[in-house]
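Let me begin by presenting the structure, written as structure tokens, before commenting on it.
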Amino acid sequence: MSPAILSKLPNTGTTIFTVMSALAVEHNAVNLGQGFPDFPMHDELIARVNEAMLKGFNQYVHMNGYMPLREILSEKIFSLYAAGVNPDTEITITPGGTYAIYTALTSVLRPGDEVIVFQPCYDSYIPNIEINGAVPVLLPLHFPDYSINWNAVRKAITPRTRMIMLNSPNNPTGAILSERDIAELKKLVLGTNIFILSDEVYEHVIFDDRKHQSMLRYPELLERSFVCFSFGKIYHCTGWKIGYCVAPAAPMREFRKVHQFNCFSCDSPKQIALAKFLEKTEYYTSLGNFVQQKRDFFLSLMKETPFRMHDSFGSYFILGSYGHFSNESEMDFAVRMTKDHGVASIPVSAFYRDGTDNKVVRFCFCKKKETLERAAEKLRKVR
Ligand code: GLN
């Protein structure tokens with residue numbers, strides 16, 4: 001018999017994405033649950049990875065990331081956000097955005113520190129805080145527009161508050177931060193000891209010509225921020241698990257201490273390929289429109305279904321309400337829809353620690369046209 005473990009994460013089960021994807025496979029359902037594109041990524045990027053491997057670039061790159069990749073990221077950040085970020089000391093390539101978030105939290109948090117988190121939140125945040133012995137202070141976003149109540153944030157701040165976690169464009173809600181949010185944030189954090197963890201993995205997936213309110217735009221916020229990004233989300237290769245973190249040099253030194261003895265360095269051929277591919281600025285500047293067309297197409301199809309759709313201003317996701325035709329819990333409803341109607345979604349209650357259930361499910365619309373059509377056809381029959 002193996003020795004027992006007193007769980008460090010007693011309140012954590014298997015992530016909802018794995019649960020719903022497995023259920024989708026089991027029931028041969030269209031998977032609009034887990035957020036991943038089902039269409040091919042760019043050929044040229046694949047070719048560049050192959051080329052790098054064939055040319056023998058198969059050994060470790062620098063632990064902080066392949067320098068030409070960090071350099072082109074720094075140029076990109078300067079051109080988009082007018083921020084001067086030093087590629088040597090302020091950018092680290094990571095195995096994905098989730099890892100970057102975990103590493104940032106682990107670099108900063110000590111037992112008893114408080115972290116303000118807005119719910120619904122991406123499901124890794126709370127366990128990532130708790131495994132460090134820190135305390136998540138959970139604030140609800142305002143239903144149904146999922147905006148932040150800054151008055152509540154003000155009241156939640158204590159001398160132990162160490163971090164505020166932000167996520168824009170937001171997973172699962174599709175909401176985005178506004179300039180007003182940034183002004184409120186500044187009022188609360190400037191001159192304090194509070195860090196910002198900004199999850200910006202959907203940076204370019206923003207719609208209707210809205211402006212992404214990156215922490216990189218605001219020097220006074222950037223000086224207290226860890227900003228986390230994902231190449232997988234932007235280049236449609238979520239399985240590559242590669243991303244990066246931007247932070248000022250001093251906090252980044254601590255981040256790298258954690259990173260070097262965890263992953264050490266990331267996949268080299270992909271970094272070499274991305275460094276070259278990032279020269280194509282039109283790829284990411286047109287991404288918002290590309291995904292917006294998918295949102296609009298999905299919305300037009302969903303008009304024929306009984307769901308009441310929410311707004312989505314960014315990300316791969318949109319929420320659908322069903323409370324007007326079913327009283328089931330979100331989990332029961334999502335399971336039934338997968339089993340009986342052949343469409344998987346994600347119950348939004350999975351993004352709340354207390355299981356808040358507003359009778360909404362999350363759909364991923366970053367899919368092929370045929371996939372969305374097939375799903376909508378089935379969703380028409382849901383009662
Ligand atoms: N980020 C993706 C989503 O929200 C899933 C990532 C994962 O499965 N861990 O669906």
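The values are calculated or read from the model by the stated rules, or taken from the named source; none is laboratory data. Given the structure is predicted, the values throughout are model-derived calculations rather than measurements. We place every Cβ from the backbone using ideal geometry, glycine too, and count neighbours over all the protein chains shown. For accessibility, only protein heavy atoms count, side chains too; no ligands or nucleic acids. Shrake-Rupley method; radii C 1.70, N 1.55, O 1.52, S 1.80 Å.
Tabulated values for the structure
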quantity	calculated
Close pairs from segment 233-254: first basic (Lys, Arg), partner open to solvent by 10 Å² or more (accessible area, probe 1.4 Å), Cβ under 7 Å, at least 6 apart	Lys233/Val201; Lys241/Pro95
Some residue of segment 315-333 being open to solvent by 60 Å² or more (accessible area, probe 1.4 Å) and within 22 Å of Pro40 (Cβ to Cβ)	no
Per-region count, segment 257-313, residues among the polar types (S, T, N, Q), over 15 Å from Leu73 (Cα atoms) and either in contact with a Phe, Trp or Tyr (Cβ under 9 Å, 6 or more places away or on another chain) or in a loop (DSSP other than H, G, I, E, B) (or both)	8
Sole exception among (1) more than 16 Å from the ligand (Cβ to nearest atom); (2) within 19 Å of Ser168 (Cβ to Cβ); (3) not hydrophobic (A, V, I, L, M, F, W, C) for Arg353, by number	(2)
Complete set of residues in segment 190-221 that are surrounded by fewer than 21 Cβ atoms within 10 Å (Cβ to Cβ) and either in a helix (DSSP H, G or I) or acidic (Asp, Glu) (or both)	Asp208, Asp209, Arg217, Pro219, Glu220
Counted residues, segment 119-130 - those being away from the ligand (no atom under 16 Å from the Cβ) and buried (at least 23 other Cβ atoms within 10 Å of the Cβ)	1
Qualifying position, being open to solvent by 40 Å² or more (accessible area, probe 1.4 Å) and in a helix (DSSP H, G or I), among Gly239, Gly232	Gly239
Pair list, Cβ under 6 Å, 6 or more apart: segment 360-383 residue open to solvent by less than 10 Å² (accessible area, probe 1.4 Å), other residue among the small types (Gly, Ala, Ser) and assigned to a helix (DSSP H, G or I)	Val361/Ala334
Flag if Leu54 is at pLDDT 95 or above, open to solvent by less than 30 Å² (accessible area, probe 1.4 Å) and either over 30 Å from Val360 (Cα atoms) or acidic (Asp, Glu) (or both)	no
Identity of the residue in segment 148-184, of a type in the set (S, T, N, Q) and under 21 Å from Arg110 (Cβ atoms), that ends up most open to solvent (accessible area, probe 1.4 Å)	Thr158
Residue that is nearest to the ligand (Cβ to nearest atom) [pool: residues in segment 22-50 that are surrounded by 12 or more Cβ atoms within 10 Å (Cβ to Cβ) and of a type in the set (Asp, Glu)]	Asp38
Filtered residues of segment 273-314 (kept if of a type in the set (Val, Ile, Thr) and either buried (at least 16 other Cβ atoms within 10 Å of the Cβ) or under 16 Å from Glu373 (Cβ atoms) (or both))	Val291, Thr305
Test: residue in segment 316-338 that is among the charged types (D, E, K, R) and over 21 Å from Ser21 (Cα atoms)	no
Identity of the residue in segment 299-332, over 21 Å from the mean Cα position of the chain (by Cα) and aromatic (Phe, Trp, Tyr), that ends up farthest from the ligand (Cβ to nearest atom)	Phe325
Residue in segment 2-21 that is most open to solvent (accessible area, probe 1.4 Å), counting only those that are more than 11 Å from the ligand (Cβ to nearest atom) and free of Cβ contacts under 8 Å to residues at least 24 places away in the same chain	Leu6
